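The structure under discussion appears below in the form of structure tokens.
The values are calculated or read from the model by the stated rules, or taken from the named source; none is laboratory data. Everything numeric here is computed off the predicted structure, so don't read it as measured data. Methodologically, a virtual Cβ is constructed for each residue, glycine included, from the backbone with ideal geometry; neighbour enumeration extends over all protein chains shown. In case anyone asks, the SASA skips ligands and DNA or RNA and just uses the protein heavy atoms, side chains included. Shrake-Rupley method; radii C 1.70, N 1.55, O 1.52, S 1.80 Å.
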Amino acid sequence: MAFEINTVNTVRARRFASHAKPGIWRDEPETSWNSWIWQQQKRIKSMDQLRQVIKVTPEEEEAFAKSHEQFNMGITPYYASLIDPNDPNCPIRLQSVPKKGELTIRSEDMEDPLAEERDMPVPGITHRYPDRVLFYTTHNCPVYCRHCTRKRKVADPSSATANKQLEMGLDYIASHKEIRDVVISGGDPLSNSDDRLEYILSRLRAMDHIEVFRLGTRNLVTLPQRITDDFAKMLSKYHPVFVHTHFNHPKECTQEAFDACARLANAGCVINNQMVLLKGVNDDWRIVKELNHKLLMMRVRPYYIFQCDMSQGISHFRTPVEKGLEIIENLRGWTSGMAVPHYVIDAPGGGGKIPMLPKYLEKHEGRKWYLRNFKNEKYVYEEPAND
Ligand SMILES: *Cc1c(COP(=O)(O)O)cnc(C)c1O
Ligand code: SF4
């Protein structure tokens, strides 16, 4: 079963432009470029390789030299092709190329701000909420995001999730009947082979108490070639399957990403986006609005905007909380409600996600609620009397 995309009747032809391949790959056949295995094998891991694709700055050279032992660099040719070679502040570049800000560790920074290790009943499972768990299935990702909140674990070969750990996680989920929702995470779970993923999904689907699962993956953004027809077809055997992805900027909404989302959506998956609010990348409501409009055209529903966590080495990405509130203020009412995600702070210390909202409730007296709308006009809602 192939999912044909009609380029006349979809928005793709109008909105999702192709982009040029950087010079070093210009002569690669399309079959290589479109193969996720090729993309995975040709990942940029050194400055020598990066210099062939973009104009690297001295700051980036220094940041790479001082950071790559703690946190690898890894960039797929596809994602690298989205980088502006001449703009050191390109939003794609800020997310994938080391910068000096990473070397600063502030006194408030934490190694494990979300206390994911503390809430681990068995290695590889974080069980914080009553009815759902996070399940780590690998530590690899096609692109290592510079803003990753799990820097301490991701890309670290010594923390590979072995099969034994996978079995322990599955056994834990099987024996805890209160779990109905499993967030399959990592790293990026799509770094597992289709066979290993299918094994995980089939084990979970065989448990009567498991209602839904989600694949938390950035492959739609960094390696959209990974979403093959075969992969989409495999997922469609285990519905309901939710895919939670991580687009941060409209530049990431390319034709390739559009096609990958279409393959998943046509196979019946529901796709949600979890954006991270990042200084210099998307800390402007106009950018977020454009991103969310593009996502809706890709059948991806904006789900969360995360305030940047207090992990070590990402403080240069953190914005004031006011910035997130300002973004919501400029979306709610001004555009489709579908384009308005929840802005949340994942509470340091493991408190879970806490929604942050502009103040729409001015006061509350007895049965009367004094409200303001998106245009700052005042309204009173009155509850019925208890008679
Ligand atoms: C984010 C998260 C979830 C999922 O939360 P939702 O609000 O349901 O999307 C589950 N477990 C942990 C530990 C999480 O951090
Ligand atoms: S894909 Fe996710 S887990 Fe992997 S580096 Fe990026 S943010 Fe971290």
For region 287-387, the accessible surface attributable to carbon and sulfur atoms (probe 1.4 angstrom, ligands and nucleic acids excluded) amounts in percent to 55
Provide Rg and Dmax in Å for region 182-324, with only Cα atoms included in the calculation.
15.8, 45
Just how large is the dipole of the chain about the Cα centre, in debye to the nearest 20, putting +1 at every Lys and Arg Cβ and -1 at every Asp and Glu Cβ?
640
At Asp87 and Ala20, where each label point lies 7 Å from the Cα along Cα→Cβ, what is the point-to-point distance in nanometres?
1.6
Determine the share of region 78-166's accessible area contributed by carbon and sulfur atoms, expressed in whole percent, with a 1.4 angstrom probe.
51
Once you've got the GNM for the chain with C-alpha springs shorter than 10 Å, pick whichever of Ala347, Ala232, Ala20 has the biggest mean-square fluctuation.
Ala20
Work out how much length Ala65 to Asn163 would gain on full extension: take 0.36 nm times their residue separation and subtract the Cα-Cα distance, in nm to one decimal.
31.9 nm
Region 91-200 - Rg (one decimal) and Dmax (whole number), Cα, Å:
15.4, 47
When the chain is treated as a GNM, springs tying every alpha-carbon pair under 10 Å, which of Leu190, Leu361, Leu291 comes out with the largest mean-square fluctuation?
Leu361
For n ≥ 4 DSSP H runs only, could you compute -39500 (n - 2.57) per run for the chain, divide by its residues and tell me the 222 nm figure to the nearest 500?
-7500 deg cm²/dmol
Please work out the average accessible area per residue across region 282-326, using the 1.4 Å probe convention, and give it in Å².
40
Tell me the accessible surface of Lys45 in square angstrom (1.4 angstrom probe, heavy atoms of protein chains only), to the nearest ten.
110
Can you give the extra length, in nm with one decimal, that the chain gains between Ala385 and Ala347 once fully stretched, where that is 0.36 nm per residue apart less the Cα-Cα distance?
9.9 nm
Rel. contact order, % - alpha carbon contacts under 8 angstrom, at least six apart, region 18-128:
25
Probe 1.4 Å, heavy atoms of protein chains only: per residue, the accessible area of region 18-152 in Å² is 46
Pop out the ³J(HN,Hα) list for region 95-108 in order, Karplus 6.51 cos²θ - 1.76 cosθ + 1.60 with θ = phi - 60°, rounded to Hz; leave Gly and Pro as x.
7, 10, 10, x, 10, 4, x, 5, 7, 8, 10, 8, 4, 7
Could you work out how far apart the two model spin labels at Asp27 and Tyr199 are, taking each label as a point 7 Å from the Cα in the direction of the beta carbon, and quote it in nm?
4.1
Ordered by residue, what ³J(HN,Hα) values in Hz, to whole numbers, does region 311-317 give under the Karplus form 6.51 cos²θ - 1.76 cosθ + 1.60, where θ = phi - 60° and Gly and Pro are x?
6, 5, x, 10, 5, 5, 8
Starting with the highest mean, order 98-104, 170-176 by the number of other Cβ atoms within 10 Å, averaged over the residues of each peptide.
98-104, 170-176
Amide H to amide H, which residues 5 or more places from Val243 or on other chains are under 5 Å from it, using H placed in the peptide plane?
Leu215, Val270, Ile271, Asn272
What Kirkwood radius, in Å to one decimal, follows from the Cα pairs of the chain?
22.2
Quick one: compute the contact order of the chain, relative version, from alpha carbon pairs under 8 angstrom and 6+ residues apart, as a percent.
15
Stretched fully, the stretch from His176 through Glu362 gains (0.36 nm per residue minus C-alpha distance, one decimal, in nm) 62.7 nm
